[in-house]
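**Q** Below: one structure in structure tokens.
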Amino acid sequence: MVIEENVPLNNHTTFRVGGPARFFAVARSREELWALITHAKDKNLPLLIMGTGSNILAPDEGWKGLVIEVGIMGKQFSDQPDGTILATAGAGENWDSLVADCVSKGFWGLENLSGIPGTVGATPIQNVGAYGVEIKDVIDTVEVLEIKNGETHSFIPTDCRFGYRDSFFKQEPGRYVVTAVTMRLSRNAAPTLHYRDLREHFKNHKETPSLLDIRTAVLEIRSRKFPDLRKFGTAGSFFKNPIITTTHLAKLQERFPDVPHFPAGEGREKISLAWLLDRVCNLKGVTHGPVESFKRQPLVIVNTGGATAKDIRAFADFVASCVKEKTGIAIEPEVNVLS
Ligand code: EPU
């Protein structure tokens, strides 16, 4: 186990932003993870736990303490007596490789979540979701290490208090590190095609789409909407879609009758922020120096080259104030903005 010094975080985040981590190490096992946490405690170093940095905006000043990248690997698939399959992956495994494996093995459940950057361990933290599926729909258990005492716990979905891009782990940061995730999958065809983009894609399809058809469709749709990470820095959707009361929605509809909205629990509706940014705020494709509201999906903020965290935060504040001014809605970041 190597602890490196002064490691630039811009090389470890998909936004390509962030100053140096005073110390940086990769934990390849639970034991290494616990040893590193103990080391940080002994030396009084602030701790930052990361995957592959695809949902964070790291500060330009860097991180004064120890950054641990969770690199715990391993995948296991086991057939269960009830006909389902339990797929367990170490937190450091690449998410999309796991999805690809499951698709090629004929296991249903993860295909709509194709193409999402990042690691397996990050998925339960913000209850990753796309194209009509959220990770909470397939999670069986989440294995964690407790930072306080190094104990291992296995949480079932109700323990995780999943919500829209939310979980217990997000609500109580600094308590647990996810070390592995187990998902319950199925060999029986169970396509989830209600999300508009997928419905459109398969509207002339006569037979039930295969797992590979769905994965291919999702990858194709994503490539149209999201910037190529090889060319641009980004962390995907920068803000959450706001959830407002039905009363507030009715008021909003008086001015913007076409605003897309989706039921989000009793008396609440989720509003499409991309639509508000596009049609109401006219922000789609707007640039401030090296920061852009992506031309094809304005909810995505892009570092077109050389942006700092300060630039991105200033742009995000500008976007949030436009939305507030035009709609009265206070939007919240979806990306983990570190300070
Ligand atoms: N829209 C526009 N103009 C645009 C783009 C979109 O008006 O330029 C409107 C359309 O009405 C469209 C609607 O916005 O139907 C929704 O757009 P999209 O399907 O792209 O989804 P989203 O709500 O903007 C969410 C997630 C994404 C996820 C997609 C697909 C959040 C914050 N974002 O985006 O997740 O991939 O749905 O399921 O919930 C992420 O979390 O980082 C992320 C990328």
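**Q** Out of all the residues in the stretch 202-214, which are surrounded by 13 or more Cβ atoms within 10 Å (Cβ to Cβ) and either within 12 Å of the ligand (Cβ to nearest atom) or assigned to a loop (DSSP other than H, G, I, E, B) (or both)?
**A** Within the stretch 202-214, Phe202, Pro209, Ser210 meet the criteria.
**Q** Output the strands (runs of 3 or more DSSP E) that fall wholly within the stretch 1-94 and possess 2 or more residues being open to solvent by less than 60 Å² (accessible area, probe 1.4 Å), or say none.
**A** 4-8, 20-27, 47-50, 63-70, 84-90
**Q** Assess whether Asn127 counts as being over 20 Å from Arg199 (Cβ atoms) and out of contact with any strand residue (DSSP E or B) (no Cβ under 9 Å at 6 or more places or on another chain).
**A** Judged against the criteria, Asn127 is not a match.
**Q** If you go through the stretch 318-336 one residue at a time, do you hit one that is at negative phi, touching an Asp or Glu at 6+ places or on another chain (Cβ under 7 Å) and open to solvent by 10 Å² or more (accessible area, probe 1.4 Å)?
**A** Taking every residue of the stretch 318-336 in turn, none turns out to be at negative phi, touching an Asp or Glu at 6+ places or on another chain (Cβ under 7 Å) and open to solvent by 10 Å² or more (accessible area, probe 1.4 Å).
**Q** From the list Asn112, Asn127, pick out the single residue that is within 12 Å of the ligand (Cβ to nearest atom) and assigned to a helix (DSSP H, G or I).
**A** Asn112
**Q** Right, another one. Enumerate the strands (runs of 3 or more DSSP E) found wholly within the stretch 215-295, keeping only those where 3 or more residues are closer than 30 Å to Gly53 by Cβ and open to solvent by 70 Å² or more (accessible area, probe 1.4 Å).
**A** Passing ranges: none, list empty.
**Q** Has the stretch 223-234 got any residue that is within 11 Å of the ligand (Cβ to nearest atom) and over 17 Å from the mean Cα position of the chain (by Cα)?
**A** yes
**Q** So Ser29 ticks every box in (1) within 16 Å of the ligand (Cβ to nearest atom); (2) under 15 Å from Ala180 (Cα atoms); (3) hydroxyl-bearing (Ser, Thr, Tyr) but one. Which box is left unticked?
**A** (1)
The values are calculated or read from the model by the stated rules, or taken from the named source; none is laboratory data. As the structure is a computational prediction, the values presented were derived from the model and not from experiment. Glycine also receives a Cβ, built like all others from the backbone with ideal geometry; neighbour counts cover every protein chain displayed. Ligands, DNA and RNA are excluded from the accessible area calculation, which covers all protein heavy atoms including side chains. Shrake-Rupley method; radii C 1.70, N 1.55, O 1.52, S 1.80 Å.
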